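Below is one structure; the comments refer to it alone.
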Amino acid sequence: MIDRFGAQGRYDRFDLIKLRRWSAGRVAIIGDAAHALPPNIGQGAGCAMMNALSLAVYLERNANVPAALETWETNERPITEHTQRMSYLLGLPTTWPPFLRTLALGWTGRSKWLVAQRTKTALHRPTGTAPQ
Ligand SMILES: Cc1cc2nc3c(=O)[nH]c(=O)nc-3n(C[C@H](O)[C@H](O)[C@H](O)COP(=O)(O)OP(=O)(O)OC[C@H]3O[C@@H](n4cnc5c(N)ncnc54)[C@H](O)[C@@H]3O)c2cc1C
């Protein structure tokens with residue numbers, strides 16, 4: 001099948017989307033539209049779901065919607081930004097020469113600090129699931 005692509009084959013880079021703000025007035029943007037990330041650590045949908053759930057929590061706590069959205073973004077955005085950084089950085093070696101790539105990816109698997117950074121999102125307890 002891959003041979004049949006011939007000259008039609010192409011490679012698209014994954015998007016990394018960062019908005020100046022996730023909300024304006026009473027409107028909020030969630031999911032990939034707000035914070036798409038390369039799927040290197042498989043957390044894009046996880047972030048979308050965490051931000052959707054926490055959005056409901058902050059709106060339930062505060063009837064002032066613009067203020068609730070601002071608090072939501074201030075408190076919740078850092079874990080998504082961390083996830084975007086890690087996902088982007090861990091994708092860089094995939095374009096390096098094989099020797100350097102193997103060296104870099106081997107090191108990222110052995111470094112306790114890097115493993116902690118990579119798994120931080122998966123181990124994060126989302127707002128709305130823990131006792132508040
Ligand atoms: C290869 C790959 C592997 C991944 N693996 C993981 C993983 O293991 N774990 C994980 O958590 N995440 C993973 N992700 C990320 C995850 O797929 C996305 O973060 C998630 O789907 C984002 O959900 P969303 O609803 O924000 O956007 P989307 O899923 O993109 O949904 C947007 C929807 O809007 C529709 N749409 C667009 N424009 C319009 C329009 N003008 N009018 C009407 N509809 C429109 C689109 O057709 C689409 O159905 C992966 C992504 C890729 C590409």
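Residue-wise test of (1) closer than 26 Å to Asp12 by Cα; (2) part of a helix (DSSP H, G or I); (3) away from the ligand (no atom under 16 Å from the Cβ); (4) modelled with pLDDT under 95.
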position: Ala34; (1), (2), (3), (4): yes, yes, no, no
position: Asn40; (1), (2), (3), (4): yes, yes, no, yes
position: Ser54; (1), (2), (3), (4): no, yes, no, no
position: Asn75; (1), (2), (3), (4): no, yes, yes, no
position: Pro78; (1), (2), (3), (4): no, yes, yes, no
position: His82; (1), (2), (3), (4): yes, yes, no, no
position: Leu100; (1), (2), (3), (4): yes, yes, yes, no
position: Leu105; (1), (2), (3), (4): yes, yes, yes, yes
position: Thr108; (1), (2), (3), (4): yes, yes, yes, yes
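Residue count for region 45-56, restricted to those that are in contact (Cβ under 8 Å) with a residue 24 or more places away in the chain and either within 23 Å of Leu105 (Cβ to Cβ) or not hydroxyl-bearing (Ser, Thr, Tyr) (or both): 8.
In the set Arg21, Arg85, Arg10, Arg26, only one residue is surrounded by fewer than 18 Cβ atoms within 10 Å (Cβ to Cβ), more than 17 Å from His124 (Cα to Cα) and without any contact (Cβ under 8 Å) to a residue 12 or more places away in the chain; that residue is Arg10.
Inside region 6-32, residues that are within 11 Å of the ligand (Cβ to nearest atom), aliphatic (A, V, I, L, M) and farther than 12 Å from Thr80 by Cα make up a count of 1. Give Leu59, Leu69 a once-over and let me know the one that is within 16 Å of Gly128 (Cβ to Cβ), away from the ligand (no atom under 16 Å from the Cβ) and in contact (Cβ under 8 Å) with a residue 40 or more places away in the chain. On inspection, the qualifying residue turns out to be Leu69. In region 109-130, the qualifying residues are those that are of a type in the set (D, E, K, R) and under 14 Å from the mean Cα position of the chain (by Cα), and the one that is farthest from Pro78 (Cα to Cα) is Arg118.
The test for being of a type in the set (Val, Ile, Thr) and part of a loop (DSSP other than H, G, I, E, B) holds for Ile17.
The values are calculated or read from the model by the stated rules, or taken from the named source; none is laboratory data. Quick caveat: nothing in here was measured; it's all calculated off a predicted structure. FYI the Cβ positions are ideal-geometry reconstructions off the backbone, even for glycines, and counts take in every protein chain you see.
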